[in-house]
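Here the structure comes first, spelled out in structure tokens, and everything after it is commentary.
FYI, it's all coordinate maths here, none of it is from the lab. Note that the coordinates shown come from a computational prediction; the quantities given were computed from them, not determined experimentally. When we count neighbours, we look across all protein chains shown, and the Cβ atoms used for this are built from the backbone with ideal geometry, even at glycine.
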Amino acid sequence: TRGAGERLAAWAAATRPGRVVRWVFERWWLLRTIRAARLVAIGMGLLWSGREIGMVEYALDPGAKEEELLKAVVQSAGGVRARVCGGAGRPAPEVRAVEKRVEPVVARCL
């Protein structure tokens, strides 16, 4: 019987691993497909983990999370400062003034 080293040498000579590597690299489309699949998998993993974190934060404190999201919307629309009114209190005078201007437009759209 042959030793493990001799068997490994015989296997390497018979299979020629270099041929397999060369075959993969000659097929550039295969590498691009593998790279695209890897990027999609990483992106989906990040997306779902972020979504889960947001759901957990919302479940722990819905009011604070809603306030944070509303402030982000106001700031993305060009607002410098955002003051979010609570549901139990009365709306701020600025909010009432904007509501009066927006109500007719909303009524036309509905």
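Values as computed for the structure displayed
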quantity: Residue 68 versus residue 44: modelled label distance in nm, points set 7 Å from Cα along the beta carbon direction; calculated: 2.7 nm
quantity: For segment 33-38, 3J(HN,Hα) per residue [Karplus equation, 6.51 cos²θ - 1.76 cosθ + 1.60, θ = phi - 60°, Hz, x = Gly/Pro]; calculated: 5, 4, 5, 5, 5, 5
